[in-house]
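Colleague: Sharing a structure below in structure tokens format, with a few things to ask.
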Number of protein chains: 2
Amino acid sequence: MKAAILAVGSELLTSAKTDTNSLFITDVLNGIGIDVVFKGIVGDDRAELTVQFLQAFERMDLVVLTGGLGPTDDDVTREAVSDALGLPLQEDASVLAAIEERFAKRGWEMPAVNRRQAQVPRGAVVLANGNGTAPGLWIEHNHKGVALLPGPPREMRPMLQALAEERLARRADGVRIHRRVLKIAGRAESRVEERVQPIYSTWLRQTPPIDTTILAAPGQIELHLTTRDRDAARAAAMLDAAIAQLETAIGDDIFSRDGKRLEAVLGEMLLERGWRIAIAESCTGGLTTSRLTDIPGSSAYVELGVVVYSNAAKTALCGVPEELIAAHGAVSEPVAVALAEGIRARAGVEAGIGITGIAGPGGGSEQKPVGTVCIAASLASRSEPHVRTFRFVGGREMIKTFASLAALDMTRRLLLERGTDVDWNVMRG
Amino acid sequence: MKAAILAVGSELLTSAKTDTNSLFITDVLNGIGIDVVFKGIVGDDRAELTVQFLQAFERMDLVVLTGGLGPTDDDVTREAVSDALGLPLQEDASVLAAIEERFAKRGWEMPAVNRRQAQVPRGAVVLANGNGTAPGLWIEHNHKGVALLPGPPREMRPMLQALAEERLARRADGVRIHRRVLKIAGRAESRVEERVQPIYSTWLRQTPPIDTTILAAPGQIELHLTTRDRDAARAAAMLDAAIAQLETAIGDDIFSRDGKRLEAVLGEMLLERGWRIAIAESCTGGLTTSRLTDIPGSSAYVELGVVVYSNAAKTALCGVPEELIAAHGAVSEPVAVALAEGIRARAGVEAGIGITGIAGPGGGSEQKPVGTVCIAASLASRSEPHVRTFRFVGGREMIKTFASLAALDMTRRLLLERGTDVDWNVMRG
């Protein structure tokens, strides 16, 4: 079953904003076995939208539109679909009553413009909106389906989920898409590809086949495993077996099998052990601590973070000896270790991270160019900290991102007690 | 002149990834007066792309395609455009030589697959690619233009900029789009709208009119002023006059007139004064310091940041008296002030920020629900710090975002010495 998604709104055609609703819609449709083969973005232009909708409708089994259901003259999705399918708009008394009631509950009278939202193409089914005034609409026409959904995500999402369960799933042919996402840190994309390609290439020959996609994001790599099967249990077993094969090849490099973020995985490992962590960052400027504290409940294990840009602050807050900085430079492995051990000891916790580097654009030298970052992870339970020097590429924010993820991944690997011999932009000393 | 953008690639139809190239392309096209009226996203499917391209070509003056120019069988953009326009593909000897040379420079032989990239539709102009092997293509057909650009941004961007200057600008009718972006913090969207609507509504009646769009992002509001004019100097003068009107109405609320970020604006104000800043954050977890240090050169004015989640850390690092926490609670205005003044004094700098709050999802109470955040800004040059209690809505990361922006904005307003009487989610004591 083939679907197109049309996102409606002139603001989505500016350079400042684009459609993101289609990502969620794709996820829901894929989940019930519907393929998205085209996405279109159209402005608030009735004639243009009518043409685009018709072109999509002619070639697809399902068209999902989002946006343009508001009460103002700009909102033309109802009208365009009505024009295209030749289904005249009629006022729906129950929709009107629901909108009036929504306003009345807040003690307001319904503004006259909102009356437009009660216009419904003949034969359309009204989809209730628990979070706004715009009802959604579902139209079956020429054995095809058309869904008109509001633009605001908190209105669109529950409406689409209900529609998928109640109507779309049974129109799909029963073959569902099953997907697993593995996340990997500390390895170059080429290294991952080299190791997993001989494995996943065999999956294409099995029935049903498993498709593998490698997506590289800054500082991490995702492996998406996808299969189509009518039998959910069989698909799950096949995907489990496939993941087991990958784990044999690149086990420790995989930090997540369920979409969890690196900072959440590290947090769970700390929680399991009842340990706390302290972070001393220089070039990452607080980003590492901010990532860790993005996770709900992180106050249970994040004791302290310090951003020590200046040498004086490194000494005052983490006890880094002035002589050490003088001897090796602020960006050096000994200073990274002193930061990690110093902040860990001062905070009286079990784990410590130290990061010192050159995020640029200024401050680089021939010996230590912009992107050079020394990272140390230290545990109270081990006498030897782990320390690595990375050379990241990219602009300032990219280097901060890489370095903060590398620090979290090194700490994760240290907690696994399996070494931190990553190959990802590491400079050998 | 009407344009459509088609982004090509099956990965752009997954729930994990979408087209972002079109934002840059829109910016460049708008800049030379070309309107983008439609955007489409198509997978690596020759038949589907042929149809979508033809539908766009028939109704537009210009179609820009990006992606699908690589060397593998998946890459079908050349073939689809060739099919659609009936222009057979021919191997271009100079393109082939350029690709071979690119590999030779690295000491490699050209893989056989890359030969496909030398296939050029009859009559097409080859656009040089300084950053990759895939050449771009420019086709003029039936008085319309078609650009085929590579997908990787660092290859696509310079190629499009050259194409815009050399070929597209003179095809556009000379009426260019001129845009200014004002950024506002510390005000609710409705308040901004209420104050500026009477002003911008008059601009619609002038010739040429100025369009105003209000875009609300978490923690800030953008006003986009757009006008179309053949005469750049007249447009600039009109926009300057419009901005002057807005400044009379909401002067201090505008923190940027040139797209600069709040952290960059605050950084410049500190640099001008030769001042340094220290930050003590609890619920924002390092995000405020990380924002400030995103700005190149921020090491000149960011002296120190501390993330003090625990009460013990608040006392140890910022000297917050234990009794003060016991008397008022950790999330209170007195503690926020003690954090700001404490970290400023300990760091020996001119400006200090203190943030303490409940980011959730746990930790809220009836009196201090999730989203309650107390923020203080303190200057060595003033005896009285500014302190406010905010009640932000949203999830944990949203609350962190709001609170960090509010802290930066309060500090900016304190430096302006014009008070911090914002109306944005502030709880009156």
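Colleague: Semi-axes of the equivalent ellipsoid for the protein assembly as shown, please: Cα gyration tensor eigenvalues, times 5, square-rooted, ordered largest first, whole Å.
Modeller: The answer is 44, 36, 29 Å, longest axis first.
Colleague: Still on this model: Taking Cα pairs under 8 Å and at least six residues apart, what relative contact order does chain A come out at, in percent?
Modeller: After rounding, I find 11 percent.
Colleague: Placing +1 at every Lys and Arg Cβ and -1 at every Asp and Glu Cβ, with all other atoms neutral, what dipole size does region B:176-256 have around its Cα centre, in debye to the nearest 20?
Modeller: Dipole magnitude for region B:176-256 comes out near 300 debye.
Colleague: While we're here: How big is the dipole moment of the protein assembly as shown about its Cα centre under a simple scheme where the beta carbon of each Lys and Arg is +1, that of each Asp and Glu is -1, and everything else is neutral? Debye, nearest 20, please.
Modeller: That gives a dipole near 520 debye.
Colleague: To continue, here is another question. For region A:169-222 and region A:238-267, what is the separation of their Cα centres, given in Å?
Modeller: A separation of 12 Å, based on Cα centres.
Colleague: While we're on this one: In square nanometres and to one decimal, what's the mean projected area of the convex hull around the Cα atoms of region B:156-205?
Modeller: 6.2 nm²
Colleague: As a check on your reading of the symmetry: which chain A residue has its Cβ nearest the axis that brings A onto B, and how far is it in Å?
Modeller: Whole-Å result, nearest residue of chain A to the axis: A:Gly286, 2.
Colleague: Sticking with this structure for a sec: Would you work out the charge dipole size for region A:262-427 about its Cα centre, treating the Cβ of every Lys and Arg as +1 and the Cβ of every Asp and Glu as -1, and quote it to the nearest 20 debye?
Modeller: So the magnitude is around 120 debye.
Colleague: What nm distances, shortest first, do you get from the label point of B:Ala241 to those in the other copies when the point sits 7 angstrom along Cα to Cβ?
Modeller: 7.6
Colleague: Here's another thing I want to ask about it. Taking only the alpha carbons of chain A, what extent do you get along each of the three principal axes, in Å, biggest first?
Modeller: Reported extents, whole Å, longest axis first: 82, 57, 42.
Colleague: Please give the Cα centre distance for region B:98-149 versus region A:1-68, rounded to the nearest Å.
Modeller: One Cα centre to the other: 32 Å.
Colleague: Please check: in the Gaussian network model of chain B (C-alpha springs, under 10 Å), which one of B:Val64, B:Val373, B:Val37 has the largest mean-square fluctuation.
Modeller: B:Val37
Colleague: List the distances, in nm and shortest first, from the label point of B:Arg273 to the matching label points in every other copy, placing each point 7 Å from Cα along the Cα-to-Cβ direction.
Modeller: Reported distances to equivalent positions: 4.3 nm.
Colleague: Got a sec? How would A:Cys318, B:Cys374 order by Cβ neighbour count within 10 Å, fewest to most?
Modeller: A:Cys318, B:Cys374
Colleague: To continue, here is another question. Positive end of the charge dipole of chain B (Lys, Arg +1 and Asp, Glu -1 on Cβ, about the Cα centre): tell me which of B:Leu54, B:Gln90, B:Ile355 has its Cα farthest that way.
Modeller: My answer, from the dipole projection, is B:Ile355.
Colleague: Another one. Among A:Ile295, A:Leu415, A:Ser365, flag the residue with its Cα farthest along the positive direction of the charge dipole of region A:262-427, charges on Cβ as +1 for Lys/Arg and -1 for Asp/Glu.
Modeller: Farthest towards the positive pole: A:Ser365.
Colleague: If the label point is 7 Å along Cα→Cβ of B:Ala380, which residues in region B:263-291 have backbone nitrogen under 12 Å from it?
Modeller: Under 12 Å, as judged by backbone N against the label point of B:Ala380, lie B:274-278 of region B:263-291.
Colleague: In addition: So how do B:Thr289, B:Thr66 line up by other beta-carbon neighbours within 10 Å, fewest first?
Modeller: B:Thr66, B:Thr289
Colleague: Give the calculated FRET efficiency between B:Met398 and B:Ala326 to the nearest 0.05, with a Förster radius of 35 Å applied to their Cβ-Cβ distance.
Modeller: 0.70
Colleague: Beyond 16 Å, how much of the Cα-Cα pair distribution for region B:176-256 remains, as a whole percent?
Modeller: Above the 16 Å cut-off, region B:176-256 has 47 percent of its Cα pairs.
Colleague: Could you pull the Cα extents of region A:119-173 along its three principal axes, largest to smallest, in whole Å?
Modeller: Here the Cα extents, ordered largest to smallest, are 30, 25, 14 Å.
Colleague: For a quick check: sort B:Ser22, A:Ser365 by the number of other beta carbons within 10 angstrom, fewest at the front.
Modeller: If I rank by nearby Cβ atoms, fewest first, I get A:Ser365, B:Ser22.
Colleague: With N set to the residue count of region B:362-418, report its C-alpha Rg divided by 2.2 N^0.38 Å to two decimal places.
Modeller: 1.27
Colleague: As a test of the formula, what do you get for the protein assembly as shown when each DSSP H run with n ≥ 4 contributes -39,500 (n - 2.57) and the sum is divided by the residue count, at 222 nm and rounded to the nearest 500 deg cm²/dmol?
Modeller: After summing the helix terms and dividing by residue count, I get -11500 deg cm²/dmol.
Colleague: Further question on the same structure: Can you classify region A:2-68 as rounded, prolate or oblate using the Cα gyration tensor, where a ≥ b ≥ c are the square roots of its eigenvalues, rounded means a/c under 1.5, and otherwise it's prolate if a/b beats b/c and oblate if not?
Modeller: Taking the square roots of the gyration eigenvalues as a ≥ b ≥ c, region A:2-68 is oblate.
Colleague: Separate question: Going by a ≥ b ≥ c, the root eigenvalues of the Cα gyration tensor, does region A:248-316 fall in the rounded group (a/c under 1.5), the prolate group (a/b larger than b/c) or the oblate group?
Modeller: Prolate is the answer for region A:248-316, as a/c is 1.5 or above and a/b outweighs b/c.
Colleague: For B:Gly86, go 7 angstrom from Cα along the Cα-to-Cβ vector, then report the distances to that same point in the other copies in nm, smallest first.
Modeller: Once sorted, the set of distances for B:Gly86 reads 3.1 nm.
Colleague: Give me, ordered by chain and number, the residues 5 or more places off B:Val370 or on other chains with an amide H under 5 Å from its own placed amide H.
Modeller: For B:Val370, whose amide H was placed from the backbone, the distant partners under 5 Å are B:Gly364, B:Ser365.
Colleague: When the C-alpha atoms of region A:127-237 are aligned to their principal axes, what extent does each axis show, in angstrom, from largest down?
Modeller: In descending order, the Cα extents are 51, 34, 24 Å.
Colleague: Counting residues in region B:262-427 as N, plug N into 2.2 N^0.38 Å and put the Cα Rg over that result.
Modeller: The value comes to 0.94.
Colleague: On to the next question. What share of Cα pairs, in percent, lie more than 19 angstrom apart in region B:2-171?
Modeller: The calculated P(r) of region B:2-171 puts 53 percent of pairs beyond 19 Å.
Colleague: Report the residue, chosen from A:His224, A:His178, A:His143, that carries the largest GNM mean-square fluctuation when chain A is represented by alpha-carbon nodes joined by springs under 10 Å.
Modeller: Between A:His224, A:His178, A:His143, it is A:His143 that shows the largest mean-square fluctuation.
Every read-out reported here was derived from the displayed coordinates using simple, explicitly stated rules and does not represent laboratory data. All values derive from a computational prediction rather than experimental measurement. Glycine gets a Cβ as well: all are built from the backbone with ideal geometry, and neighbour counts include every protein chain shown.
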